[in-house]
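Peer 1: Below are the structure tokens for one structure; questions will follow.
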Amino acid sequence: MQYLDTAWIGVAVTLVMVAFVLLNIVRARGKEGGLYIRRIPGLNALDDAIGRATEMGRPVLMIPGIGTLNAISVQALSIFAHVTKSAAQFSTPIKICCADAAVYTVAQEVIRDVYQTQGMGDRYNEDFVQFVSDRQFAFAAGVSGIIHREKVAAAFLLGEFYAESLIFAETCNSVGAIQVAGSTHNTQTPFFIAACDYVLIGDEFYAASAYLKREPVLVGSLVGQDWGKMLIAAMCLLGCFIFSIDMTSAPTTKRVTVGEENGTSLVEFQAVDDSDNMEDGSLRKKRSSDTALHHYFHPVVSPGAFQDRNRPQKEEEGS
Amino acid sequence: MNLPLAAIWGQDPGSGALIGYLVGAFILGVVMMVAMTKMPTRGRKPSVWIATFASGFFYFLFWIWPSPINRGPSDLPVGFSEKVGFGLQDALPKVANIAIILTAFLLGLGIYSLLHVHLGRLFKKQKDWQFSLILVVSMVLMIIFGYWDWMQRQFNDPDLLLAKMDNWGFVNYSFDLLFDGLLQQMDAAMFSMIAFFILSAAYRAFRIKSIEATVLMASALIMILSIMGAVDMVYSNMIDSMTGGDPGHFLNDAKITAVASWVKNTMQVPALRALEFGVGLGALAMGLRLWLGLEKGGVS
């Protein structure tokens, strides 16, 4: 992290968000009856989709995206564990297709654990979780083939998706599968909205495990996120207000780029002089780059910020 | 700051010491994997959490600790803060390498899964076994010719003669046929199919059956028309004739490009920003729960 000029503000705000999450986890643990979470239609549809697959005797397909093992895929697997739990109770066959070897390994562990905790370890089949390919379109082709051959009744597309999202959604639609989708990528969410029956939009994806399990840790964390969102909203409103007030005053200083070192622009603040005036001699209006808020979001790297060249140096080898 | 690990990574390529370290690391990795597999679940969870916390703590420290800027190759740190900052910066690629090595181990498991499914289908002559045969044959051929071609280029071509197609042999042509001639083309074919899927999805999404679908349809129509040059020209000329070419006339805001820009900048961008904040906070909370061992993963 660089702490030049104003960049510490980002760290401070992030730490406040972390404090919100931790504080609410403690609150939720101590509160009887739990905290309220609003209804999320996409998650209510999970059990309906599994029920439909059970009635039709066809498998439930789950795809945790094509991303690597990260918070998004772990969250997707967490939701899939809930789906598997319900599917296991009705002996509905499941299929999880993975595009990343690490996600595949974790998925296999999670699904095996779910069957064992449900007392149905004997029903677990290694082929429930399958590694298809780590190449995007080879994966898309492989999964499309599985959807067509197995005639899946329900598909859960939750995780990190890119261009292949629409291939999955439309292929599932072509076999009449009910689709519940969710992606944290804003570029793919519109495709899912256009093609799928239910979509988890934005942070609903992260709210899913709290909604499904109602554990104090998860619910508290969700409330902490909401506090964070409120803080961000308040900061946006305050920012609009300060920016509007700031723009009405006359400029006194301006940012001037005075050089460059290793690709970093070196900036100085200089007093506004006559050369900045308008053609008719009147003082120019304030630009957005003259405002205090612009300064906060564009920290200044001044020429003196770089390290002293007289610092101790390593001795050359052989000298 | 020199880490002990630098002694391993700093060995000369091809040296006996490096090979020794590699073999040792491989054996250690296998032993650790076997030990983790045999460990009872009660013992496995704390050890996984300790490893998660330690690696998370490293990245947290790297993020929060002041990092050196414009550091020269021979610079030495001054004071405690710089010593830690230099050490963290030096250690980062090494720590990232550990994740890459772990992933390499896991890729083996992925290949095992693939072979388990498809060889099983092949030997049992289950439905659609022909597809499995094609997959296994393609995989074996790609591995053989991929490595053969790579070894030729890596070890038998010091003058880079294979950079020119004229010097290629059977192996290089075979690999080129498999990779560029088949795999890349099939990738492109799959990608092209998205155009047709977009059409069918758009047809279903834009049917006017609710208020939301109507709004979606109207905004999509504005966007489509705004990027059609002919429509934009005719419509803009019509507006210009009404305003008499006055750039300050309020009717200029009714031009299709102005309306499209308004929809994008005033309606779409704020909504996306709000979603991004929500997603970022969700990822932060999820990461925090994983780091502190509060997330139970799939099993409750």
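None of the figures in this text is laboratory data; all of them are computed from the coordinates on show. None of the values given here were measured: they were computed from a predicted structure. When we count neighbours, we look across all protein chains shown, and the Cβ atoms used for this are built from the backbone with ideal geometry, even at glycine.
Peer 1: What are the extents of the Cα atoms of the range A:38-213 along their three principal axes, listed from largest to smallest and rounded to whole Å?
Peer 2: Dimensions of the range A:38-213 along the principal axes of its Cα atoms: 41, 38, 32 Å.
Peer 1: Take peptides A:17-26, B:148-157, A:201-210 and line them up by average Cβ neighbours within 10 Å, highest first, as a rough protection proxy.
Peer 2: A:201-210, A:17-26, B:148-157
Peer 1: Roughly speaking, what is the centre-to-centre gap between the range B:201-256 and the range A:258-288 when only Cα atoms are used, to the nearest Å?
Peer 2: If you average the Cα positions of each part, the centres end up 39 Å apart.
Peer 1: Shifting gears a bit: Taking a threshold of 22 Å on the Cα-Cα distance, which of the pairs A:K85/A:K213; B:K45/B:K83; A:K95/B:K124 fall above it?
Peer 2: Flagged as over cut-off: B:K45/B:K83.
Peer 1: Using only helices, what value at 222 nm comes out for chain A when you add -39,500 (n - 2.57) per DSSP H run of length 4 or more and divide by the total residues, to the nearest 500 deg cm²/dmol?
Peer 2: Calculated mean residue ellipticity at 222 nm is -16000 deg cm²/dmol.
Peer 1: Of B:G229, A:Q75, B:F86, which is farthest towards the positive pole of the protein assembly as shown's charge dipole, taken about the Cα centre with +1 and -1 on the beta-carbons of Lys, Arg and Asp, Glu respectively?
Peer 2: Farthest towards the positive end: A:Q75.
Peer 1: If you don't mind, another one. Nearest 10 degrees, 0 to 90: what angle lies between the long axis of helix A:165-174 and the longest principal axis of chain A (Cα atoms)?
Peer 2: With both axes taken from Cα atoms, the answer is about 30 degrees.
Peer 1: Tell me which residues come under 5 Å, amide H to amide H, from A:I178 once H is placed; ignore anything under 5 positions away on its chain.
Peer 2: For A:I178, the qualifying residues are A:A154, A:A155.
Peer 1: How large are Rg and Dmax for chain A when calculated on the C-alpha trace, in angstrom?
Peer 2: For chain A, the Cα-based Rg and Dmax read 26.9, 87 Å.
Peer 1: Report the semi-axes of the equivalent ellipsoid for the range A:144-199 in whole Å, largest first, where each axis is √(5λ) for an eigenvalue λ of the Cα gyration tensor.
Peer 2: Those come to 18, 11, 9 Å.
Peer 1: Can I ask one more? Using only Cα atoms, tell me the angle between helix A:204-213 and the longest principal axis of chain A; keep it within 0 to 90° and round to the nearest 10.
Peer 2: 50 degrees
Peer 1: Helix A:41-56 against the longest principal axis of chain A: what's the angle in degrees, Cα atoms only, rounded to the nearest 10?
Peer 2: Relative to chain A, helix A:41-56 is tipped by roughly 20 degrees.
Peer 1: Give, rounded to the nearest 20 debye, the magnitude of the charge dipole that the protein assembly as shown has about its Cα centre when Lys and Arg contribute +1 at Cβ and Asp and Glu contribute -1 at Cβ.
Peer 2: Dipole about the Cα centre, nearest 20: 2620 debye.
Peer 1: Here is a further query. Remind me, relative contact order of the range B:206-291 in percent, using alpha carbon pairs under 8 angstrom and six or more residues apart?
Peer 2: That works out to 20 percent.
Peer 1: Take A:I9, project a point 7 Å from its Cα along the Cβ direction, then tell me which residues of the range A:208-236 have their backbone nitrogen under 12 Å from it.
Peer 2: A:235-236
Peer 1: Using the Cα centre as the reference, give the magnitude of the dipole from point charges on the C-beta atoms of chain A (Lys, Arg: +1; Asp, Glu: -1; all else neutral), rounded to the nearest 20 debye.
Peer 2: That gives a dipole near 1180 debye.
Peer 1: Let me ask something else about it. Rounded to the nearest 500, what is the 222 nm mean residue ellipticity of chain B from helices alone, with -39500 (n - 2.57) per DSSP H run of 4+ residues and division by all residues?
Peer 2: -24500 deg cm²/dmol
Peer 1: Among B:I198, B:V31, B:L133, whose Cα projects farthest towards the positive end of the dipole of chain B, with charges put on the beta-carbon of Lys, Arg (+1) and Asp, Glu (-1)?
Peer 2: Of B:I198, B:V31, B:L133, it is B:V31.
Peer 1: Summarise the partner chain shielding of A:99-105 as one whole number: the mean count of Cβ atoms from other chains within 10 Å of each residue's Cβ.
Peer 2: What the average comes to for A:99-105 is 6.
Peer 1: Show me, for the range B:247-252, the HN-Hα J-couplings you get by feeding each phi into the Karplus relation (A = 6.51, B = -1.76, C = 1.60, θ = phi - 60°), rounded to Hz, glycine and proline as x.
Peer 2: x, x, 5, 5, 5, 4
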